[in-house]
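Let me begin by presenting the structure, written as structure tokens, before commenting on it.
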There are 4 protein chains.
Amino acid sequence: MSSPRARDLGITVGRGVPGPSNTITDVAGVRVGHRTVIERDDGDPKAVRTGVTVIMPHEGFPWSEPVYAGTHILNGYGELIGINSIREWGILESPIVLTSSLLIGKAYDATVRWIARQDGDAGESVMPCVTECDDSWLSNVLADPIDDEDVWAALEAVTTDPVEEGCVGSGTGMQCFDFKGGIGSASRILDGDQGGFTVGVLVMTNHGDREDLLIDGVRVGERLSDLMPDDHHEGSCIVVVATDAPLLPHQLKRIATRVSLGIGRMGGKGENSSGDIFIAFSTANAHAAADTGVAHLTMIPNGRINPLFYATTQATEEAMLNAMLQAETMTGANFARVYALPVDRLMAAMKKYGR
Amino acid sequence: MSSPRARDLGITVGRGVPGPSNTITDVAGVRVGHRTVIERDDGDPKAVRTGVTVIMPHEGFPWSEPVYAGTHILNGYGELIGINSIREWGILESPIVLTSSLLIGKAYDATVRWIARQDGDAGESVMPCVTECDDSWLSNVLADPIDDEDVWAALEAVTTDPVEEGCVGSGTGMQCFDFKGGIGSASRILDGDQGGFTVGVLVMTNHGDREDLLIDGVRVGERLSDLMPDDHHEGSCIVVVATDAPLLPHQLKRIATRVSLGIGRMGGKGENSSGDIFIAFSTANAHAAADTGVAHLTMIPNGRINPLFYATTQATEEAMLNAMLQAETMTGANFARVYALPVDRLMAAMKKYGR
Amino acid sequence: MSSPRARDLGITVGRGVPGPSNTITDVAGVRVGHRTVIERDDGDPKAVRTGVTVIMPHEGFPWSEPVYAGTHILNGYGELIGINSIREWGILESPIVLTSSLLIGKAYDATVRWIARQDGDAGESVMPCVTECDDSWLSNVLADPIDDEDVWAALEAVTTDPVEEGCVGSGTGMQCFDFKGGIGSASRILDGDQGGFTVGVLVMTNHGDREDLLIDGVRVGERLSDLMPDDHHEGSCIVVVATDAPLLPHQLKRIATRVSLGIGRMGGKGENSSGDIFIAFSTANAHAAADTGVAHLTMIPNGRINPLFYATTQATEEAMLNAMLQAETMTGANFARVYALPVDRLMAAMKKYGR
Amino acid sequence: MSSPRARDLGITVGRGVPGPSNTITDVAGVRVGHRTVIERDDGDPKAVRTGVTVIMPHEGFPWSEPVYAGTHILNGYGELIGINSIREWGILESPIVLTSSLLIGKAYDATVRWIARQDGDAGESVMPCVTECDDSWLSNVLADPIDDEDVWAALEAVTTDPVEEGCVGSGTGMQCFDFKGGIGSASRILDGDQGGFTVGVLVMTNHGDREDLLIDGVRVGERLSDLMPDDHHEGSCIVVVATDAPLLPHQLKRIATRVSLGIGRMGGKGENSSGDIFIAFSTANAHAAADTGVAHLTMIPNGRINPLFYATTQATEEAMLNAMLQAETMTGANFARVYALPVDRLMAAMKKYGR
């Protein structure tokens, strides 16, 4: 895509330094795959604008080498299948599969089958991690829009390449502050004296009221009151944070909690009908969680965690902004239309406010 | 079935008084439906011993008249799709669908379609509540054992009749303390001066180590060390508590927490691989949760909640015992066999210990 | 005080409308009292700069008429004595007493005695709610700086008058983003079609890194890098939200959760050593929580809660800003000094960025 | 004391093997100290029957070498000052101080002073961990019954000797199922193939209804309906679990959760006005939690945790029984009297039921 990302426009969030691709795959081993499903013409009542996105936490199979993980929920009107075992065992032992709200059953089922094909034993016992936002505004969710092959395609497509953003994968039909949104990503690399760790964030946006939108603190939403969809649609926001810093489960829960601050900075309010669900995992100690004897592991003490908090908050905000900037105007079922954030008008507003 | 229930054998749990059917449907309006799926001969590698059970919280549709609800997890290695919204909004707005672990995706998907058929608007937005235990010991879970019609059959079968127990519905392939288990139920009616409220419990058992089994405090498990399955299989335990007492969401969470005490009394320990997940809901105030103005509701103050705690703990223990007593020896895939609790030997043990 | 508040400077936070005094006492019946304890000259090693602030949730005694309440913790390295019973029973049955970290034992003890004087029975059973930030930077905390009379003075001083802000009461020795902070307050009144409810916030600030400070989105902290204290001191942030909207305990927990968004908007990050602890209570239904029969109450359905979320986030941000603007440069023990935010330089920065 | 403990009477709880002293100090390094405060004659309205008990998690100072810890609350109408930081940081960095409900302020204050005397820096920043049950039935709690020296005496008295039980320390005025209770303890040692770890439990009992009391499953309470106090007094139950098994904070939370099962087995129900608060800590990895670089630590994987769950549940039940058996009939203020469990009648009941 030729659309600019936030940094291409000179918009930086906070004082941190991004990694080489400024996406979640800057965390070594993390892989992301998309399957975009677009069917029928704009306006067709049965038009489908949806998809599946998969995050594989490292180069191997997470069910044989689970990673430590933690979660936080800002507002819980949404689903994350697998959340109980993350909280109980402190580990993530499945890929994270993102899709449309009503498709999580199908995505779960297809992921079980795919895992069973890779590893029969795991296929009988793994509970895949599946989460969602609602794209029913643009996409006919009752049209049976995905099948097993779509989920498997996303699972097979995972790559350590820079993450494709905007209207791709599970983000295809999503919005953000009443503009078009979808998948976004960003990363931060800590200074050497802070450990040199990498923090990467991937967001699937679908939340926010236009008039509340802040970009780097500028009240952009108030100045861009046109280009509204026919109806405001209160959605969700799924955020996945990856890091190579050796953090224990209770520390990863703390990291996930800081995602809320990034949402607050952009004008989100954890709306009543939103599923604002956050997962953080660490690629360090992957061997330890699965060990059968006494496992040996490493840990960053709490006293060194602040830079990781700050990196998480910043990268969340920048990832949401990238989701909007990389998305394009889309027309879906019944001529519902969600407009892309107009870059020229955004930049005019930023300039007016001294940025 | 002609098998006795606990009270038929003179085994009472605690001092409380059961309702007319001594099942969860003693709570006015609560409906339960089963779909039992048994396919192929005993021992066939593709034999299926599974099913679906549905609890409808009242006579109407919960998505138009949600009920207050709360949850507690003793051990979280299991799934309850819908748990986030119960915790966030304090309400249950879906039937509770119980099935086999790997089938929750299909059950979710089928339930979405069924709700859409009843009510198109709800079908686009309701997140059904689906939970599970693992019956892979007796049933070939990768054999694609249920389809939409099975789930719909359970949804259509709901009735206020006394609950059928043992190897039925989602309990078909489940066990309990290495004996055969499944679905069990019990109820309690409070004295008039305690408000006269009814508490009903439905359990789907799949947990426990034989040697730990206590029945009314007697160490029955130690005395019945034969009739073991080929392999111990650590499962889960789902417990649903219904009441007509007007309790708010935070109070229903307190009720759900007391289920743990009943599990403790029977010798359970919240095993590491178990999904011990509990939901409590109140049929009172159903109109209030959905109201769009200022809702008027009623509540039992905390100071009057102890009898409801005690009823919950007792009914949980008795329901688990009923699940075992009503179940029959079953042979499943690959000749795996789980034996029923032998009533004569149980009664001999009880007699020896003065009951 | 003659220092300006945020609105006096034309700085508004969000689109909401404040109440008459733009403090927490705009919520009818809420009372606030301060006791400021300043002893010895600037620089004296035994100088004391501390105090006590009390919030009484309504005109009566909360132990005979408790109010519904909920809590949220952004970062838990701090104390709120009484949090367990708020979470379990869903009610606040004590005044909220704020003071210095090491003084919570004394404040608890003195509050017990004071309650016993008002009401002997309550004095034997009430567990007062006491919370804290650390003012050891400016104040000699080991100098035994307060006694029972100081706590009682704050308890007796409660009034429905507009809240005094800045270096008063428990806020006396506190800071904010390395500037002087203390007590701040703000309020919002919802439109009539949103129910016309009032939301009031009182903050005790002691958190934040200068370089992260945002004011109405402007990166003020980066531009005001001088006037730093000798050492950065990572503190806490206590936020109390009051409303007359009839919200149940689980809804008040949701309100408390939105405080994090306000902290995020101002550049806070929930620092590792911070106690960022939030309480929300509703003055509606005060009779219901204490009732001994079946209580009758009212409730705003979840679908109407968004304006209350937004009011909470906005009022939190504005209250923190007021705490800074109303505070004055202070010199404490050992010549430690914390500077007030310079209004002229703040306004220059705001102007440069188009405000 | 010459009173028998449970095992002296042939009452064993579960199949596990106790350690040498069958108390919490079987966990290497754990130290316990008591200060018993008994003042004035039986019946004097100002009679005091109270005290302080301290648990020091290892041989050193926990603020320089904190230990991993986790908590669980069965019913939260009680106080544990310090719970927020245990949950946030996953560590215990203070002795655990147990006392009477209204004395926690004084105990906190005295502990701050004591720590400051040992270590000035810690004294300015440590938040001591203080918890309580209510002994106001036997003791005049408003008589100002303890001072700093009493708390310091308990802090100084800590020893690795077997724990003294019954009416000692903070257990002095406590009860249990309407019999006299107080402090009790027990331990379990795992088999070598389970790691050979030790689990120790210390309880301060003050909960339970007589008629619900179960001892090793026998309904003893129903058979001992006399010897009742003048009035039933609903209290609390504090349980501390120590282990040398290398468990992370999220695993210690899981351990603490299993205490509920032991309470359930004995007939407790988590009464409405009870503070049933449980803390678990591990003496392993004490260096790691305080490390300033990347810490190296060890961990038992979740798959090996079941024997520790079982040991916790058993030792909790046995410790509560020891608290009752070691306590003696006590008469306190205003001739309130709580009777000891009569051993002869207990044994007659046990015999009747085949034990």
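The set of residues from the stretch A:231-262 being β-branched (Val, Ile, Thr), out of contact with any helix residue (DSSP H, G or I) (no Cβ under 7 Å at 6 or more places or on another chain) and within 14 Å of chain C (Cβ to nearest Cβ) comprises just one member, A:Thr257. Scanning the stretch A:274-304 for residues that are modelled with pLDDT of 95 or more, surrounded by fewer than 24 Cβ atoms within 10 Å (Cβ to Cβ) and among the hydroxyl-bearing types (Ser, Thr, Tyr) yields one hit, A:Thr283.
Residues that are of a type in the set (A, V, I, L, M), over 30 Å from D:Asp276 (Cβ atoms) and touching a Phe, Trp or Tyr at 6+ places or on another chain (Cβ under 8 Å): does the stretch C:86-108 have at least one? No, because not a single residue in the stretch C:86-108 is of a type in the set (A, V, I, L, M), over 30 Å from D:Asp276 (Cβ atoms) and touching a Phe, Trp or Tyr at 6+ places or on another chain (Cβ under 8 Å). The residues of the stretch B:305-331 that are surrounded by fewer than 24 Cβ atoms within 10 Å (Cβ to Cβ) and either at pLDDT below 95 or of a type in the set (Asp, Glu) (or both) amount to a single one, B:Glu328. Being over 30 Å from A:Ile277 (Cβ atoms), among the basic types (Lys, Arg), within 14 Å of another protein chain (Cβ to nearest Cβ) and surrounded by fewer than 24 Cβ atoms within 10 Å (Cβ to Cβ): is that true of B:Arg15 here? Criteria met by B:Arg15. The residue that is nearest to the other protein chains (Cβ to nearest Cβ), among those in the stretch B:327-355 that are small (Gly, Ala, Ser) and closer than 30 Å to D:Met350 by Cα, is B:Gly354. Only one entry in D:Met324, D:Met320 is assigned to a helix (DSSP H, G or I), more than 14 Å from chain B (Cβ to nearest Cβ) and not hydroxyl-bearing (Ser, Thr, Tyr), namely D:Met324. Here A:Asp178 clears all of (1) modelled with pLDDT under 95; (2) farther than 14 Å from A:Pro62 by Cβ except the condition numbered (1).
Just the residues that are within 21 Å of B:Lys269 (Cα to Cα) and either within 19 Å of the chain's Cα centre (by Cα) or not charged (D, E, K, R) (or both), please, taken from the stretch D:1-18. Those that are within 21 Å of B:Lys269 (Cα to Cα) and either within 19 Å of the chain's Cα centre (by Cα) or not charged (D, E, K, R) (or both): D:Ile11, D:Thr12, D:Val13, D:Gly14, D:Gly16, D:Val17, D:Pro18.
When D:Ser139, D:Ser170, D:Ser85 are checked against the criterion of being over 29 Å from D:Arg254 (Cα atoms), of a type in the set (Ser, Thr, Tyr) and either in contact with a Pro (Cβ under 7 Å, 6 or more places away or on another chain) or in contact (Cβ under 8 Å) with a residue 40 or more places away in the chain (or both), D:Ser139 stands alone in meeting it. Contact map, the stretch D:23-37: first residue surrounded by 24 or more Cβ atoms within 10 Å (Cβ to Cβ), second residue among the charged types (D, E, K, R) and assigned to a strand (DSSP E or B), Cβ cut-off under 8 Å, separation 6 or more or different chains; pairs are D:Thr25/D:Arg31. Taking the criterion of being in a strand (DSSP E or B), within 23 Å of C:Ala157 (Cα to Cα) and more than 8 Å from chain D (Cβ to nearest Cβ), the residues of the stretch C:70-97 that qualify are C:Leu92, C:Ile96, C:Val97.
Check whether at least one residue in the stretch B:60-68 is within 11 Å of another protein chain (Cβ to nearest Cβ), touching a helix residue (DSSP H, G or I) at 6+ places or on another chain (Cβ under 6 Å) and buried (at least 24 other Cβ atoms within 10 Å of the Cβ), and report yes or no.
Yes, some residue in the stretch B:60-68 is within 11 Å of another protein chain (Cβ to nearest Cβ), touching a helix residue (DSSP H, G or I) at 6+ places or on another chain (Cβ under 6 Å) and buried (at least 24 other Cβ atoms within 10 Å of the Cβ).
Residue-level analysis places B:Asp226 outside the set of residues that are in a helix (DSSP H, G or I), surrounded by fewer than 22 Cβ atoms within 10 Å (Cβ to Cβ) and of a type in the set (D, E, K, R). Filtered by the rule that a residue be facing another protein chain (nearest Cβ under 7 Å), under 13 Å from C:Val294 (Cβ atoms) and of a type outside the set (Val, Ile, Thr), the stretch B:303-315 gives a lone residue, B:Gly303. Once the stretch C:106-140 is narrowed to residues that are facing chain D (nearest Cβ under 7 Å) and surrounded by fewer than 24 Cβ atoms within 10 Å (Cβ to Cβ), the residue that is nearest to D:Ala110 (Cα to Cα) is C:Asp109. For the stretch D:30-40, the criterion of being among the small types (Gly, Ala, Ser) and farther than 30 Å from D:Lys106 by Cβ is met by no residue.
Scanning the stretch C:267-302 for residues that are within 11 Å of chain B (Cβ to nearest Cβ) and among the hydroxyl-bearing types (Ser, Thr, Tyr) returns C:Thr292, C:Thr298. When B:Val168, B:Val199, B:Val239, B:Val163 are screened for being at pLDDT 95 or above and within 21 Å of B:Glu79 (Cβ to Cβ), only B:Val239 passes. If I ask for residues that are in contact with a helix residue (DSSP H, G or I) (Cβ under 6 Å, 6 or more places away or on another chain) and of a type in the set (A, V, I, L, M), which ones from the stretch B:144-162 would you list? Hits for the stretch B:144-162 are B:Ile146, B:Val151, B:Leu155. Kindly check whether there is at least one residue in the stretch B:187-203 that is more than 12 Å from chain D (Cβ to nearest Cβ), polar (S, T, N, Q) and surrounded by fewer than 20 Cβ atoms within 10 Å (Cβ to Cβ). Yes, the stretch B:187-203 contains a residue that is more than 12 Å from chain D (Cβ to nearest Cβ), polar (S, T, N, Q) and surrounded by fewer than 20 Cβ atoms within 10 Å (Cβ to Cβ).
The values are calculated or read from the model by the stated rules, or taken from the named source; none is laboratory data. On a predicted model such as this, the values are computed, not experimentally measured, just so you know. Note that we place each Cβ from the backbone using ideal geometry, even for glycine, and neighbour counts take in every protein chain shown.
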